[in-house]
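Take a look at the structure set out below.
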Amino acid sequence: MTAIAPSPARVRVTALLPRLTLVLAALLAALFTAAGPASAHAALTASDPQDGAVVATAPAQVTLSFSEQVAMGDDSIRVMDPQGKRVDTGELRDMCSGTTIRYGTALHSGLPDGTYTVAWQAVSADSHPVSGAFTFSIGSPSATSVALPTEQVGGGPVGIAYDIARYAAYAGFTVLVGGAAFILLCWRRGASQRPLQKLIVRAWVTLTAATLAMLVLRTPYTGSGKFADALDLNGLKAVLETKTGASLVSRLLLLGAAALFIAVLFGAYARKAAEAEEAAETAKRKGKAKGRGADKEAGTDKEAGAGKEANDLLFGLGIGGTVVAGGIAATWALSEHASTGIQPGIAMPADILHLLAVAAWLGGLTALLVALHKVPGIEREAVQRFSRVAFVSVLVLAVTGVYQSWRQLGSWSALTGTSYGQLLLVKVGLVAVLVGIAYVSRSWTARLTDAPGKPAKIARQRDVSRETSPAAVTVPEDPKRAAQLARQRAARENAREKQVRDADPARAGLRRSVLAEAGIAVALLAVTTVLTSTEPGRTAERASVRDSAATAVPNRAIKITLPFDTGGQNGKGSVRVEVDPGRVGANSLHVWIDDPQGQPLDVPEIKVSFTLPAKDIGPLPLLPERAAPGHWSASGVQLPLAGEWRIDVTVRTSDIDQTTVQKNVKIG
């Protein structure tokens, strides 16, 4: 029977299928992985006195309750009288017990009647700053003129330094884990190459230094914002008792184990791998020579012994390195977004896999770039192995990213209607470019398959020439002349290395494409960094274009109407909000929900909050009571300052369907 060869077009289509899968997986990962879990931030759940309360006598203290663990300092809670003067003692009281997260501050005695403003700042368990403000009155409400603190917790020079350390830690982790994985999985001979050794050691130093900086800066970052407080031992002790502090200390301990891993990788394993390679070369030469026998058997035994020892070390390093890398990744998963919100038991392992996949891809890409630039003799098989590792890493990123999106992302319509969504689209574009360049790199890798290993031979010849060159070099007594000769020798060495690198056009093309990949990857990480501090699209209005120019005349009722769509059955309609008299101080609130036909729509839950972004006040949460079908109301709604307030209304139409619509109004 005569076999029929497949057509060239079919062969090309079959070859393109894995690459198209890679493109789709990468785009899905980029689209979903950056969802910022704003709902995981801590929220104020209760206060004593309550927001808008009028008490007969001055309380001894003000207490705040939160939905999850927060970090606070002595100045985190400030209480101000109607003239803006602080009336609290400035001492934070920790009253947490069990699952109750409560903090307070004592007040001075003998406070006169009037309206008092409470402004608070904290850092939630996912390391993000949160803040808010509310008012209460003693005796009877009064006019108030409060200048709220302008400094933002987690901001300023200390916040910048902390953010730099945090991103340096991510970069160090990526290169450390990805570089080691590149050696163990793709290029074992890289363990003895000086450029890769420097790369991984520097990554370890960067991660260690960044972790120490975050641990020291944690006190001023969550408190006063002053660098001098980094030396406060009591503050450091308090940090060590928090979840973030415990994670940072655990990371430092794991980095000690990573140092041992690096020592074995570049020490014993590098020597054994070199001995195994030398024994294999010797056996190969003897196999071609005449007179085989005892010499051949001796060489074979030596080769087998060296290879077994190297493989045993490789197995141990693989197991130990995986455990250490997973442990370091867990220090992020246990202290940030993955540990809060729904399904933390699934989210944390998914986050660990996500971080390891990022490290294997981008860290391995960095190691490959260094190897192509500094070690021209890298074998083509190593490049092919990394291509497979990168493909698997992107698939893992896609799977974990889709899960993270389901857990954290809001509406698809927010992709074009919010700044967060627009940044996300930029990230998708960068990933598309990155995958396109990766396709070019794979093409250069395919050409390496058909090319002879000339660069490797040239590199080995160069190494031999170095070994046979005289060890003694005459150094002139004149320091200037000696420095000049040293520069000349360095220039000649660089010229020889460039000649070796450019000897194979395929390797030169691969080096350029990998360099372009690394550049796009840096830009991609920068956009992702900005996304982590951008308001997520879930809080944006999804049914219509947001109108922030709505205004109201002071002392006249504010009336606004907003469309909403929760996405579920009977989830469309409009919400009408009335704030009366629409001025600073006490107000009454009415909310009506209508269906598309204008009839009252009864929904399970309505939540309202007020935010004054210009003064960093809010959100001030409010739960109106149901007055009638489709009608909710609340009295005594306190708005402490004049300005442009944002009103957020959350409408829940079922157990799983809800949305938040918002509008800006001017008060006073």
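The values are calculated or read from the model by the stated rules, or taken from the named source; none is laboratory data. Please read these numbers as outputs of a predicted model, since none were measured by experiment. For neighbour counting, all protein chains shown are included, and Cβ atoms are generated from backbone atoms with ideal geometry for every residue, glycine included. Accessible surface areas use protein heavy atoms only, side chains included; no ligands, DNA or RNA. Shrake-Rupley method; radii C 1.70, N 1.55, O 1.52, S 1.80 Å.
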Pair list, Cβ < 7 Å and 6+ apart or interchain, from segment 190-216 residues that are touching a residue at least 12 places away in the same chain (Cβ under 8 Å) to residues that are open to solvent by 60 Å² or more (accessible area, probe 1.4 Å): PRO195/LYS374
Against the conditions (1) at pLDDT below 85; (2) buried (at least 23 other Cβ atoms within 10 Å of the Cβ), where does HIS373 fall short? Just the number, please. (2)
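Report whether or not ASP94 is open to solvent by 70 Å² or more (accessible area, probe 1.4 Å), over 27 Å from the mean Cα position of the chain (by Cα), over 30 Å from LEU397 (Cα atoms) and modelled with pLDDT of 50 or more. So that I can check it myself, show each step before the final result.
Values: open to solvent by 70 Å² or more (accessible area, probe 1.4 Å): yes; over 27 Å from the mean Cα position of the chain (by Cα): yes; over 30 Å from LEU397 (Cα atoms): yes; modelled with pLDDT of 50 or more: yes.
Answer is yes for this residue.
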I'm trying to understand the selection: among the residues of segment 610-668, which are open to solvent by 30 Å² or more (accessible area, probe 1.4 Å), of a type in the set (S, T, N, Q) and touching a strand residue (DSSP E or B) at 6+ places or on another chain (Cβ under 8 Å)? SER633, SER635, GLN658, ASN664
Tell me, please, whether a residue that is outside any helix (DSSP H, G or I) and over 20 Å from SER250 (Cα atoms) can be found in segment 189-201. yes
Taking interchain pairs and intrachain pairs at least six residues apart, which have beta carbon atoms under 9 angstrom, with the first residue in segment 59-75 and open to solvent by 30 Å² or more (accessible area, probe 1.4 Å) and the second assigned to a strand (DSSP E or B) and of a type in the set (Lys, Arg)? GLN61/ARG93
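Return yes or no: is VAL177 open to solvent by 10 Å² or more (accessible area, probe 1.4 Å) and touching a residue at least 60 places away in the same chain (Cβ under 8 Å)?
Values: open to solvent by 10 Å² or more (accessible area, probe 1.4 Å): yes; touching a residue at least 60 places away in the same chain (Cβ under 8 Å): yes.
Judged against the criteria, VAL177 is a match.
Please go through segment 378-406 and give me each residue that is of a type outside the set (A, V, I, L, M, F, W, C), surrounded by 21 or more Cβ atoms within 10 Å (Cβ to Cβ) and more than 17 Å from ALA432 (Cα to Cα), ordered by number. Full working, then the answer.
We begin by selecting, within segment 378-406, every residue of a type outside the set (A, V, I, L, M, F, W, C); these are 379-381, 384-385, 387-388, 393, 400-401, 403-405.
Still in the running and surrounded by 21 or more Cβ atoms within 10 Å (Cβ to Cβ): 380, 393, 400-401, 404.
The answer is ARG380, THR400, GLN404.
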Could you check how many residues of segment 72-84 are closer than 13 Å to PRO129 by Cα and at pLDDT 75 or above? 2
